[in-house]
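To keep things clear, I will list the structure first and then write my remarks on it.
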Protein chains: 2
Amino acid sequence: MRIGKHRVTAAEVAKRAGVSQPTVSLILSRNPKARVAPETRSRVLKIAEEIGYRPNRLAQGLVRRRSFALGVIVPGFDNPFYVSVLSGAERVAAEAGYAVLFCEAGKVDVVQHLEALRDRQIDGVIIAGIAATTLPPRALDDLNVVLINQPSDRFPTVAGDSLKAGEIAAEHLLSLGHRRVAFIGPANSIPAYRFRERGFVQTLRAAGVSMPSELLRRADATIAGGYTAMRALLAMPDHPTAVFCANDLVALGAHKACGAAGVQLPRYVSLLGCDDIEMDTLVTPELSTIAVPTRELGARAVRLLLRQIEHEGAKPPASQLLPVKLVQRGTTGPVNKRNGGAR
Amino acid sequence: MRIGKHRVTAAEVAKRAGVSQPTVSLILSRNPKARVAPETRSRVLKIAEEIGYRPNRLAQGLVRRRSFALGVIVPGFDNPFYVSVLSGAERVAAEAGYAVLFCEAGKVDVVQHLEALRDRQIDGVIIAGIAATTLPPRALDDLNVVLINQPSDRFPTVAGDSLKAGEIAAEHLLSLGHRRVAFIGPANSIPAYRFRERGFVQTLRAAGVSMPSELLRRADATIAGGYTAMRALLAMPDHPTAVFCANDLVALGAHKACGAAGVQLPRYVSLLGCDDIEMDTLVTPELSTIAVPTRELGARAVRLLLRQIEHEGAKPPASQLLPVKLVQRGTTGPVNKRNGGAR
DNA sequence: ACGGGCTGCCAATACCTATTATCACACCGA
DNA sequence: TCGGTGTGATAATAGGTATTGGCAGCCCGT
């Protein structure tokens, strides 16, 4: 708000109220230890309201050494998962009066984004989809950091229980009678995918079902990756009767490959994704998946970050592991004895 | 960067280089009018580099009356369209050294978000998906604003050519022989949808094809909205042979309704969306649509905003209308004489 | 020798708020 | 009367940078 060409400052309010600028600051910051006469307080508040005074948060930040802004760094929006995380984060941050600086970073320029955030005296950073271990060691020094979906002994973490997700996936497919099952996922990627894979494979093995290496397909964590990998699987003479994918994008790609190959789901192949993104219900049949509370991940990450910021120096808050659960839709069903994969 | 508990400031650099703080500032800001001895310049730069000096952008902003930050306000991420816009905006902004403050605003709290952005001395705001005319008249005073996908005589605008999109849609369906065509879209919504509808209806009429009111279906601009509206259309004894939807979400909902009703696309009904979001290629058959350059909208909006910011006071840059084009995929085909809609 | 212009740098200050230390004052009990 | 106490507000300053105006010193021409 301005009056003419002039900005409304605390000093302006002070002059009109006949008090000093610090008094205005004292009253406006609602500091409990502020001892001001009720009459003065109400007068100042009234005038501030009248001329539309609002503290300049840049100046505030400068003196308080706080920007009241958080950074959120994600690899990109190709995966709706990150959209959801960002959305959840923004809601909580806005409620707490914090701004969200949004950064979309290829693996390359994460460091530059971090530098830029640092220059803005950012109060904390949330990183999703980028393995913290791949960053230069000092890149995160002196920053409040919360990681999403990756374990760390250095920073607090909010994650869906990826190991459990893999286990649930395996149990579900086993319970449907599948014994020849495949996994599609990226090779050296973010921890979440690795845990999903590990939980899946381990649970299968514990049930006496081994997964031969030709059924462990490496693919980009994208729709295209899933498509190609699934096509390769379907081309096998004894193709699997069920496939678990590292995430829903991969599964949707696989879904499409089945459609293109005329392979009916779940009659000939059961297909299971992970994340529970909105697109899952668009395809026919709808994609079965393991639901991860994506928005909640973002929301909790912010809460964790805020706690860390508020009591600076205290021990960082503990990490959180959020439960996941099976969402059975149309792409998983009982194994079909007559299908191509059963020998 | 810090040294011990101490922050690295320009004064620190100055002390070590044996010059004054303003000289450091002069050199670092690469001001062309800066007359400094080359020897001094290189010495200062070297020391700044060594001790890792980086200007505090809060302090910078305070004195330059510029935050080097932009706000992007969108109604939400339900529609991937806005995701794309945000992504395009971020890329360009980051390249120019600007931060993007991201705000997800229900219709209610747009004003509060704007206030918060103002307090942060934001340099400009991009608004998408929220009709500027629905805001309180003074809410945008003294702000640099660029609107997306809505015309305005007050602010520059970047928009896909929605009127043209409607025309193209009509021409496409007409050329396929459809004469009984429907439109699904929200009633009182953002301008883009209204223009699409208008362009569509007008072009039909110009070709001598009228659209009876029962074929103009009102629905939320969501998947669910499209689903319900399409189900109603299909329930009609003489249902349309082709349907154009206000956006792709609606069309995807309609697509799903067809699947559920066992109506083959495009054999019995042709379906056409608008926007060209990624999900379009997930469904079977893939959704035909009118492509809008969504990322480009965000990118151009930022460029427009930057130009407006850089030469403050100059006349606002002209608005831009970006071309759209037909993307023919699997849901549009020639009218089938034997189908239910043709009488 | 002297003045003018140019070069290279610096002092001072603005930007706006929050915090700390301090001060004026009234009141009260001894 | 005086020292002590609590109240209500202020002066001074920090915080880090950019900008304005100006001060020296030097070169050069006359």
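The values are calculated or read from the model by the stated rules, or taken from the named source; none is laboratory data. The shown structure was predicted, so the numbers you read here are calculated from the model rather than taken from an experiment. We place every Cβ from the backbone using ideal geometry, glycine too, and count neighbours over all the protein chains shown. To get the accessible areas, we keep the full protein, side chains included, count just its heavy atoms, and leave off ligands, DNA and RNA. Shrake-Rupley method; radii C 1.70, N 1.55, O 1.52, S 1.80 Å.
In table form, for the structure just shown:
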item: Label distances, nm, B:Pro151 versus same residue in remaining copies, Cβ-directed 7 Å point; result: 6.0
item: Kyte-Doolittle at least -1.0, axis length at least 15 Å by Cα - qualifying DSSP helices, chain A; result: A:38-50, A:80-95, A:162-175, A:191-206, A:223-235, A:248-261, A:294-310
item: Rough spin-label spacing in nm, given labels placed 7 Å along Cα→Cβ, for B:Asp142 and A:Arg91; result: 3.3
item: For a label point 7 Å along the Cα-to-beta-carbon line of B:Leu321, residues of the stretch B:160-184 with backbone N under 11 Å; result: B:160-165
item: Mean residue ellipticity (222 nm) of the protein assembly as shown, computed from DSSP H runs ≥ 4 via -39,500 (n - 2.57), nearest 500; result: -12500 deg cm²/dmol
item: Label 7 Å beyond Cα on the Cβ vector: B:Thr40 copy-to-copy distances, nm; result: 4.7
item: Debye equation applied to the C-alpha atoms of the stretch A:26-99, log10 I(q)/I(0) at 0.28 Å⁻¹; result: -1.21
item: Residue of A:Leu86, A:Leu147, A:Leu234 that the Gaussian network model of chain A assigns the largest fluctuation, springs spanning Cα pairs under 10 Å; result: A:Leu234
item: Protein accessible area in the protein assembly as shown, 1.4 Å probe - carbon and sulfur %; result: 52
item: Shortest-first nm distances, B:Ser210 label point to equivalent points in other copies (7 Å, Cα→Cβ); result: 7.6
item: Spacing of the two label points (7 Å from each Cα toward its C-beta) at A:Val63 and B:Val209, in nm; result: 6.7
item: Cut-off under 5 Å, modelled amide H: who pairs with B:Lys325 long-range; result: B:Ala291
item: Mean accessible surface per residue for the stretch A:49-185, computed with a 1.4 Å probe while every protein chain stays in place, in Å²; result: 36
item: Heavy-atom accessible area, 1.4 Å probe, ligands and nucleic acids excluded: residues of the stretch B:90-106 down by at least 20 Å² from chain alone; result: B:Glu90, B:Ala99, B:Val100, B:Leu101, B:Phe102, B:Glu104
item: Compactness index (Cα Rg / 2.2 N^0.38 Å), the protein assembly as shown; result: 1.09
item: Largest-first principal axis extents, alpha carbons of the stretch B:229-297, Å; result: 42, 19, 16
item: Fraction of antiparallel bridges per DSSP, the protein assembly as shown only, in percent to nearest 5; result: 15
item: Longest to shortest principal axis, alpha-carbon extents of chain B, angstrom; result: 91, 39, 32
item: Cα-based shape type of the stretch B:1-154, given that a ≥ b ≥ c are square roots of the gyration tensor eigenvalues and the cut on a/c is 1.5; result: prolate
item: Gaussian network model of chain B, Cα within-10 Å springs - most flexible of B:Asp280, B:Asp78, B:Asp161; result: B:Asp78
item: Hits among aspartates and glutamates - C-alpha to C-alpha of A:Lys325 under 19 Å, sequence gap 8 or more where chains match; result: A:Asp161, A:Glu167, A:Glu171, A:Glu197, A:Asp248, A:Asp275, A:Asp276, A:Glu278, A:Asp280, A:Glu286, A:Glu296
item: Inter-site label distance for B:Ala11 and B:Asn188 at 7 Å from Cα along Cβ, in nm; result: 5.8
item: Three-way shape label, the stretch A:162-293, alpha-carbon gyration tensor, a/c 1.5; result: rounded
item: Shielded residues, the stretch A:107-127 - accessible-area loss of 10 Å² or more between chain alone and all protein chains, probe 1.4 Å; result: A:His113, A:Glu115, A:Arg118, A:Asp119, A:Arg120, A:Gln121
item: Antiparallel DSSP beta bridges within chain A, as percent of all bridges there, nearest 5; result: 15
item: Contact surface B-A: accessible area buried, both sides summed, square angstrom, 1.4 angstrom probe; result: 4300
